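Undergrad: One structure follows; several queries about it will come next.
The values are calculated or read from the model by the stated rules, or taken from the named source; none is laboratory data. The model shown is predicted, which means the values in this text are computed figures rather than measured ones. Quick reminder, even Gly has a Cβ in these numbers, built from the backbone with ideal geometry, and neighbours come from all protein chains shown. Areas reflect the complete protein model, heavy atoms only, side chains present, ligands, DNA and RNA absent. Shrake-Rupley method; radii C 1.70, N 1.55, O 1.52, S 1.80 Å.
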Amino acid sequence: MKQISAKKLLLPSSSTGSISILEERKQQVYLKGNDTFEISCEKKSVAGSVSQRACVFCGSRVVLYPIADALHLIHGPIGCASYTWDIRGALSSGPELHRMSFSTDLSETDVIYGGEKKLEKALVELIETYSPKAAFVYCTCIVGIIGDDVEAVCRNVALKSGIPVLPVHSEGFKGTKKDGYKAACDALFKLIDLGYRRSSFHYPDILRDGKQKIPLSINILGEFNIGGETWIIREYYKRMGVEVVSVMTGDGRVEYVQSAHRACLNVVQCSGALTYLAKTMEAAYGIPYIRVSYFGIEDTADALYDVASFFTEAQEIMERTKHLVQEEVEELLPGLEEMKQDLTGKRAAIYVGGAFKAFSLIKALRHLGMEVVLVGSQTGNREDYELLKEMCRPGTVILDDANPLELAKYVIEKDAHIFIGGVKERPIAYKLGIGFCDHNHERKIPLAGFEGMLNFAREVHDTVTSPVWDLVPRKAGRSSSIQIPVKGEKP
Amino acid sequence: MRENRPYTATRNACKMCTPLGAALAFHGIEGTIPLLHGSQGCSTYMRRYLISHFKEPVDIASSNFSEETAIFGGGANLKTAIQNIARQYNPEMIGIATTCLSETIGDDVDMIIESMGDIMKETALVHVSTPSYSGTHVDGFHHAVRAVVDQYNPSGVKNRKNSRARKKINLFPGMLSNEDLRHLKAIFKDINTELALLPDYSERLEGPSWMEYQSIQHGGTPIKEIQKMHRATGSIEFGTILAASVERGNGSAGSLLESRFNIPLASMGIPIGVKATDRFFSLLEKMTLKMIPKKYKEQRGRLIDAYVDGNKYVSKKRAIVYGEEDFVAAMAGFLAEIGIIPVLCASGGKSGLFIESLRSILPENIFKQVSIHQGMDFTDMEEHARTLMPDLAIGNSKGYTMTRHLDIPLVRVGFPIHDRVGGFRTLHIGYKGAQQLFDTIVNTLLQKRQDASEVGYSYM
Ligand code: SF4
Ligand code: SF4
């Protein structure tokens, strides 16, 4: 296997100055055109780099957060809870308990003598005050070190309170965000299985006769109702005549999660945050799963068609789906066409959490006539990057677990017009005079489904066509007669 | 019952953790990269958090603990981290703050750093111990400032008192906004006095658009200025609580210079409002033996005139004030001087000095009407506020959930402000800062009244 040479990466362009790629990171940067290179991914971040990644806890929190009638208690010192309070745009149509930031706020004595008593007391009080339908206890780094028996505390409180109390093993240092997804899936599965066992206890014949399944039904997995996206997608399935048993976890409720075992099919979105749960459910209850994406026209249509074609016993579903897609696309196209005229040929850089989203974004941007010059993810795996390689044109930069230095370097080099990423990427884009679109869990605008595509196009169009870029020195200043003193490298 | 927090869990905290303050302080030093010794999540979250306020790139590196690191100690990771940062950023200094994790497993950071002495010739390594389970972001901030001053002004250094440098004044402002820091620099320029302001992130965290990538943004207190701090005329430190904690034997940057080099230290509250600003200017006059320029007297004149014009709209109004203890104390002093009663003064901090500070700042008749809570979270605050019939709240964006529930307006000040643009440009201090705060508060109350009115008068 030939390795890409370091020289190639330290591109000679004048504007990038002397940004260097750490030796250890070279295998995580790929320049399309060099097909023998195998990207290295799923590694821990290099010590000392400023990674855009968060931690295991972050992964768990993303997945479970939207369950709105559950208590989410973060066991640890205050920071982990403080920084995640209400940062996500996951909406609820009813209770909003998920938006509270609960922490055991461990103090020095707790760290020395253990936090179990405090945890138990906190749980009991909170359950009494807020009457949640279930409770999740997130273990953060420190808990993993001081060795609290969180399982035992949870068991105790569950017995006392009569609600499921589930530990989530999300100690930050025990892996990456992906391990956090897995920890969340474990907790979700426990919850589902409690429901399964309860119904098999109360209605044994339903299970025996195989009637526990709700006909023509699905679970939506990996959809978190950012800006109301779950509602958009649910509406499509309703129009198709497909029953949604539960959404995990967008606009989530404990009760529905617990009925998830009754669905015929799991429809999993996103690059694998919940694939693990789908696999577990397949093994436990024989529920098959498919992977889909709801970003962009093609992917949304494909998702709906895939679900429709699963239900061969009900042909009318497919008919309705065709009708739905046609109707939606027809409504959407004129608006898109108009924006496309301004966007054609513009260059985009993508850096998102999961690679699956990147695939959809590439397609969606193509629809707008745009070119993708950089694409990267925090947590992609080898297959993901292979696929990205196939999808991208020669010259596209592909990055795994990038840091601000690298992102900036390639964004400048590729002269992108827009950066699509999360809050941490925004200032990099803006400082360099590049448009930005937030495509992370913190956005407030729904970007999924057909109408989401229109929102997305609008977001992209608004920023790319803004007149302010003409004033930005990196683009305008070169020819400007007023010399604005901007210091480059640190003096 | 002023300090009891009956609830075990913290619900919507009114504080952040210690290393965040340290990371912010390090950003105010030229050519410095903060490095958190611990797991990746902490530094990523803190970056995100600071970015949401400053809307600027904020790089905070991490030594990225793994499971093995947590078991066998973080020494190797820390060394690799330092070397990698040195290579990528070529910084003048790496500010190393510990996290809960490295503190709990007991890494001896000083020893690890020492063992690197020979390799790291061009980059200084400064370490500050910041376990978050003892203290808040404010403590992390002050500790980092002290650690830097300590490192660059070691005991043995010769104190050339007679030299020219004695005309300089050290100012340790604490956690102020960019605009506050710029205002301080302008004042010193106007009185023609050299200033060593530490930290100063006003340029670095609010710079112009870039021509090219800057691995470390321009700006910050130059290290050579920090090195000369032991030769200054005197030091000023803002914060009544900080001062009280120094009295109790805890060191600060200013007290360190005082005890080590006899640099006189003057402590005072953050100069918010007329009275506090008067105190600041008279202190400056005393220290520099220079007259305060007319410009500031004019500002003061206009401000008091504005107080008069607006007096009826604010008099006897009831406000909730929350945030960092020192900030709340100073803000409460300002509110009292314009006639607003700060009925609830709350902070997530727990210095044990909050009540005494407020007692020293507020007039007796106002103090009696104030409910003071340290170690308070927003849920307790909201419950408590319901009984107090507040007209408005003054504090950072974190209080929005509460004010929305209480249906009262929120005047955004302090840190963080992440639901508005330009929060970092809020000016709080000096006559000019008081002017802006006063106008904003009056207008907020006027708007509330106007919106609620059935008539909707278009005059006041
Ligand atoms: S572990 Fe400690 S340092 Fe890290 S975010 Fe939590 S409170 Fe802050
Ligand atoms: S302490 Fe651990 S769990 Fe909490 S934010 Fe830091 S890395 Fe994540």
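Undergrad: Failed condition for B:GLU56, given (1) touching a residue at least 40 places away in the same chain (Cβ under 8 Å); (2) within 10 Å of ligand 1 (Cβ to nearest atom); (3) open to solvent by 10 Å² or more (accessible area, probe 1.4 Å), with all others met?
TA: Of everything listed in (1) touching a residue at least 40 places away in the same chain (Cβ under 8 Å); (2) within 10 Å of ligand 1 (Cβ to nearest atom); (3) open to solvent by 10 Å² or more (accessible area, probe 1.4 Å), B:GLU56 misses just condition (2).
Undergrad: Counting just the residues of region A:68-80 that are at the interface with chain B (Cβ under 10 Å from one of its Cβ atoms) and more than 9 Å from ligand 2 (Cβ to nearest atom), which one comes out farthest from A:PHE173 (Cα to Cα)?
TA: Filtering region A:68-80 for residues that are at the interface with chain B (Cβ under 10 Å from one of its Cβ atoms) and more than 9 Å from ligand 2 (Cβ to nearest atom), the one farthest from A:PHE173 (Cα to Cα) comes out as A:LEU71.
Undergrad: Further question on the same structure: Considering A:ILE317, A:ILE287, A:ILE350, which residue is closer than 28 Å to A:ASP400 by Cβ, open to solvent by less than 40 Å² (accessible area, probe 1.4 Å) and in contact with a helix residue (DSSP H, G or I) (Cβ under 6 Å, 6 or more places away or on another chain)? Walk me through it before giving the result.
TA: Values: A:ILE317 fails: closer than 28 Å to A:ASP400 by Cβ; A:ILE287 fails: closer than 28 Å to A:ASP400 by Cβ.
A:ILE350 is the lone residue from the list that is closer than 28 Å to A:ASP400 by Cβ, open to solvent by less than 40 Å² (accessible area, probe 1.4 Å) and in contact with a helix residue (DSSP H, G or I) (Cβ under 6 Å, 6 or more places away or on another chain).
Undergrad: Of the residues A:LYS213, A:LYS177, which is within 16 Å of ligand 2 (Cβ to nearest atom), crowded, with 16+ Cβ neighbours inside 10 Å and modelled with pLDDT under 95? Lay out the reasoning, then the answer.
TA: Numbers: A:LYS213 fails: within 16 Å of ligand 2 (Cβ to nearest atom).
The unique qualifying residue is A:LYS177.
Undergrad: How about region B:283-325: which of its residues are open to solvent by 10 Å² or more (accessible area, probe 1.4 Å), closer than 30 Å to B:ALA196 by Cβ, outside the structural domain of B:ASP377 (by TED's automatic domain parsing) and out of contact with any strand residue (DSSP E or B) (no Cβ under 9 Å at 6 or more places or on another chain)?
TA: Step one: list which residues in region B:283-325 are open to solvent by 10 Å² or more (accessible area, probe 1.4 Å), which gives B:283, B:285-295, B:297-302, B:304-309, B:311-313, B:315-318, B:324-325.
Then drop every residue that is not closer than 30 Å to B:ALA196 by Cβ, which leaves B:283, B:285-295, B:297-300, B:324-325.
Restricting the remaining residues to those that are outside the structural domain of B:ASP377 (by TED's automatic domain parsing) gives B:283, B:285-295, B:297-300.
Within region B:283-325, B:GLU285, B:LEU289, B:LYS290, B:MET291, B:ILE292, B:PRO293, B:LYS294, B:LYS295, B:LYS297, B:GLU298, B:GLN299, B:ARG300 qualify.
Yes or no, residue by residue, for (1) open to solvent by less than 10 Å² (accessible area, probe 1.4 Å); (2) over 19 Å from the mean Cα position of the chain (by Cα):
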residue	(1), (2)
B:ALA22	yes, no
B:PHE26	yes, no
B:GLY31	yes, yes
B:GLN40	no, yes
B:TYR49	yes, no
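Undergrad: With the checklist (1) within 12 Å of another protein chain (Cβ to nearest Cβ); (2) open to solvent by less than 10 Å² (accessible area, probe 1.4 Å) in hand, flag the one item A:TYR65 doesn't pass.
TA: If we test A:TYR65 against (1) within 12 Å of another protein chain (Cβ to nearest Cβ); (2) open to solvent by less than 10 Å² (accessible area, probe 1.4 Å), just (1) comes out false.
Undergrad: Is it fair to say B:ILE33 is more than 7 Å from every other protein chain (Cβ to nearest Cβ), closer than 29 Å to B:PRO222 by Cα and either part of a strand (DSSP E or B) or modelled with pLDDT under 95 (or both)? Even if it seems obvious, please write down each step before you answer.
TA: On the way: more than 7 Å from every other protein chain (Cβ to nearest Cβ): yes; closer than 29 Å to B:PRO222 by Cα: yes; either part of a strand (DSSP E or B) or modelled with pLDDT under 95 (or both): yes.
The answer is yes for B:ILE33.
Undergrad: Considering only residues that are more than 7 Å from chain A (Cβ to nearest Cβ) and assigned to a helix (DSSP H, G or I), which ones fall in region B:36-45?
TA: B:SER43 - this is the single residue of region B:36-45 that is more than 7 Å from chain A (Cβ to nearest Cβ) and assigned to a helix (DSSP H, G or I).
Undergrad: Restricting to region A:135-150, and then to whatever is open to solvent by 10 Å² or more (accessible area, probe 1.4 Å) and within 12 Å of another protein chain (Cβ to nearest Cβ), can you tell me which residue is farthest from ligand 2 (Cβ to nearest atom)?
TA: A:GLY147
Undergrad: Also, I was wondering about something else. Do we find a residue being closer than 15 Å to B:PHE438 by Cβ, part of a loop (DSSP other than H, G, I, E, B) and open to solvent by less than 30 Å² (accessible area, probe 1.4 Å) anywhere in region B:266-282?
TA: Yes.
Undergrad: In region B:89-106, how many residues are closer than 15 Å to B:ILE223 by Cβ, in contact with a Phe, Trp or Tyr (Cβ under 7 Å, 6 or more places away or on another chain) and among the aliphatic types (A, V, I, L, M)?
TA: Qualifying residue count, region B:89-106: 0.
Undergrad: Given A:PRO132, A:PRO167, which one is surrounded by 24 or more Cβ atoms within 10 Å (Cβ to Cβ), under 24 Å from A:CYS185 (Cβ atoms) and more than 16 Å from ligand 2 (Cβ to nearest atom)?
TA: None of the other options fit; the residue is A:PRO132.
Undergrad: Go through region A:40-91 and count every residue that is away from ligand 1 (no atom under 14 Å from the Cβ) and of a type in the set (Phe, Trp, Tyr).
TA: Of the residues in region A:40-91, 1 are away from ligand 1 (no atom under 14 Å from the Cβ) and of a type in the set (Phe, Trp, Tyr).
Undergrad: Just to be sure I understand the filter: pairs with C-beta atoms under 7 Å, separated by 6 or more residues or on different chains, first member in region B:208-226 and facing chain A (nearest Cβ under 8 Å), second member at pLDDT 95 or above and open to solvent by 20 Å² or more (accessible area, probe 1.4 Å). Which pairs pass?
TA: From region B:208-226, the pairs are B:HIS218/B:GLU203.
Undergrad: Something else about it: Give, as residue ranges, the helices (runs of 4 or more DSSP H) completely inside region A:310-426 that count at least 2 residues that are closer than 30 Å to A:MET240 by Cα.
TA: So the answer is A:315-343, A:355-367.
Undergrad: Residues that are surrounded by fewer than 24 Cβ atoms within 10 Å (Cβ to Cβ) and within 15 Å of ligand 1 (Cβ to nearest atom): which helices (runs of 4 or more DSSP H) entirely in region B:62-148 hold 2 or more of them?
TA: Counting at least 2 such residues, we get B:100-105.
Undergrad: Could you give me the residue pairs with C-beta distances under 6 Å whose first residue belongs to region B:8-21 and is within 9 Å of B:ASP139 (Cα to Cα), whose second residue is in a loop (DSSP other than H, G, I, E, B) and more than 10 Å from ligand 1 (Cβ to nearest atom) wherever it lies, and which are 6+ apart or on separate chains?
TA: The qualifying pairs are B:THR18/B:GLY135.
Undergrad: What pairs come up if the first residue lies in region A:86-101 and is in contact (Cβ under 8 Å) with a residue 40 or more places away in the chain, the second is polar (S, T, N, Q) and in a loop (DSSP other than H, G, I, E, B), and their beta carbons are under 7 Å apart, counting only those six or more places apart or on different chains?
TA: Short answer, once both residue conditions are applied: A:ALA90/A:ASN225; A:LEU91/A:ASN225.
Undergrad: Within region B:242-253, identify whether any single residue is under 23 Å from B:GLU92 (Cβ atoms), open to solvent by less than 30 Å² (accessible area, probe 1.4 Å), in contact with a helix residue (DSSP H, G or I) (Cβ under 8 Å, 6 or more places away or on another chain) and in contact (Cβ under 8 Å) with a residue 12 or more places away in the chain, and answer yes or no.
TA: Step one: filter region B:242-253 for residues under 23 Å from B:GLU92 (Cβ atoms), giving B:253.
Add one more test, that the residue is open to solvent by less than 30 Å² (accessible area, probe 1.4 Å), and what stays is B:253.
Imposing the further condition that a residue be in contact with a helix residue (DSSP H, G or I) (Cβ under 8 Å, 6 or more places away or on another chain) reduces the set to B:253.
Subsequent filtering for residues that are in contact (Cβ under 8 Å) with a residue 12 or more places away in the chain retains B:253.
Checked region B:242-253: at least one residue is under 23 Å from B:GLU92 (Cβ atoms), open to solvent by less than 30 Å² (accessible area, probe 1.4 Å), in contact with a helix residue (DSSP H, G or I) (Cβ under 8 Å, 6 or more places away or on another chain) and in contact (Cβ under 8 Å) with a residue 12 or more places away in the chain.
Yes/no matrix, rows are residues, columns are (1) touching a residue at least 60 places away in the same chain (Cβ under 8 Å); (2) open to solvent by less than 10 Å² (accessible area, probe 1.4 Å); (3) in the same structural domain as A:PRO215 (by TED's automatic domain parsing); (4) under 30 Å from A:ARG426 (Cα atoms):
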{"site": "A:GLY296", "(1), (2), (3), (4)": "yes, yes, yes, yes"}
{"site": "A:ALA308", "(1), (2), (3), (4)": "yes, yes, yes, no"}
{"site": "A:GLU337", "(1), (2), (3), (4)": "no, no, no, yes"}
{"site": "A:LEU343", "(1), (2), (3), (4)": "yes, yes, no, yes"}
{"site": "A:ALA364", "(1), (2), (3), (4)": "yes, yes, no, yes"}
{"site": "A:HIS367", "(1), (2), (3), (4)": "yes, no, no, yes"}
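Undergrad: So which residues in region B:251-264 are part of a loop (DSSP other than H, G, I, E, B) and over 25 Å from B:ALA332 (Cα atoms)?
TA: Within region B:251-264, B:GLY251, B:ASN262, B:ILE263, B:PRO264 qualify.
Undergrad: Quick one: in region B:47-61, which of the residues that are more than 7 Å from chain A (Cβ to nearest Cβ) and part of a helix (DSSP H, G or I) is farthest from ligand 2 (Cβ to nearest atom)?
TA: B:PHE54
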